[in-house]
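Student: This is the structure I have questions about; it appears just below.
The values are calculated or read from the model by the stated rules, or taken from the named source; none is laboratory data. These numbers come from a predicted model, not from an experiment. Reconstructed Cβ throughout: ideal geometry from the backbone, glycine too, with neighbour counts over all protein chains shown.
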Amino acid sequence: MSRPVQYNTHIKFEGIPEGYMGEGFMATNLEKVVSMARKNSIWPLPFATSCCGIEFMATMASHYDLARFGSERVGFSPRQCDLLMVMGTIAKKMGPVVRQVYLQMAEPRWVMAVGACASSGGVFDTYSVLQGIDQVVPVDVYVPGCPPRPEAILDGFLKIQELVNAEGLRRRYSDQYKELLSGYGIQ
Ligand code: SF4
């Protein structure tokens, strides 16, 4: 004799895509499922060159714990990561390296400029410092602060998740996106 299934009514599921749900099944569209999976399994590539990188270490550690958002798998191979996090002062000599790392990442890829230096050069308004990484790669989210606290980095990360979740599967093939990349000399 089969026993009735006991559901725990105290468990709440967040971020379930809209759809039609019944006992033991759910119907929704593929785009929403892919977006949900991408959003909750972002693999960051930390490109840390100076002090902001220390804030990132705190963000990854147990107190702030970026792993709660599905991103404990930090990678150092661009080909397997989908979020480039640039943290620190980027010298003009380093600009082509940031760009090369970006080019080695597979689509879809996102970029976060963490802190004043990566976003705008910060206090280093000098001949040798790149005045923002958006001069060499397109940036999706800028995190303000010198340095930004881990809460600010987490906030930026949540904004990236929102973008990932809202992005349609066809965006990367759109003329608008191709135009954005061609503005950076990327085919
Ligand atoms: S923004 Fe401030 S803390 Fe971050 S790398 Fe630049 S100088 Fe250092």
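Student: Restricting to the range 1-49, name every residue that is polar (S, T, N, Q) and either modelled with pLDDT of 90 or more or touching a His at 6+ places or on another chain (Cβ under 9 Å) (or both).
Tutor: Step one: filter the range 1-49 for residues polar (S, T, N, Q), giving 2, 6, 8-9, 28-29, 35, 40-41, 49.
Within the range 1-49, THR28, ASN29, SER35, ASN40, SER41, THR49 qualify.
Student: Another one. Give the residues of the range 39-95 that are under 21 Å from SER120 (Cα atoms) and among the aromatic types (Phe, Trp, Tyr), sorted by residue number.
Tutor: Within the range 39-95, PHE47, PHE56 qualify.
Student: A further question follows. If you go through the range 42-60, how many residues are among the aliphatic types (A, V, I, L, M) and out of contact with any Leu (no Cβ under 9 Å at 6 or more places or on another chain)? Can you show your working first?
Tutor: Initial filter on the range 42-60 (among the aliphatic types (A, V, I, L, M)): 42, 45, 48, 54, 57-58, 60.
Going one step further and asking which of them are out of contact with any Leu (no Cβ under 9 Å at 6 or more places or on another chain), we end up with 48, 54, 57-58.
Going through the range 42-60 one residue at a time, the tally reaches 4.
Student: While we're on this one: Looking at (1) touching a helix residue (DSSP H, G or I) at 6+ places or on another chain (Cβ under 6 Å); (2) surrounded by fewer than 17 Cβ atoms within 10 Å (Cβ to Cβ), can you tell me which one GLY88 breaks?
Tutor: Failed condition: (2).
Student: Need pairs with beta-carbon distance below 7 Å; first residue without any contact (Cβ under 8 Å) to a residue 24 or more places away in the chain and more than 10 Å from the ligand (Cβ to nearest atom) and within the range 106-134, second part of a loop (DSSP other than H, G, I, E, B) and not aliphatic (A, V, I, L, M); sequence gap 6+ or separate chains.
Tutor: GLN131/GLY121; GLY132/GLY121
Student: So, one more: Any residue in the range 150-157 that is in a helix (DSSP H, G or I), aromatic (Phe, Trp, Tyr) and within 20 Å of LEU66 (Cα to Cα)? Don't jump to the end; show me each part of the working.
Tutor: Filtering the range 150-157 down to residues in a helix (DSSP H, G or I) leaves 150-157.
Applying the additional criterion that residues be aromatic (Phe, Trp, Tyr) yields 157.
Filter once more, so that each one left must be within 20 Å of LEU66 (Cα to Cα): 157.
Yes; the residues of the range 150-157 include at least one that is in a helix (DSSP H, G or I), aromatic (Phe, Trp, Tyr) and within 20 Å of LEU66 (Cα to Cα).
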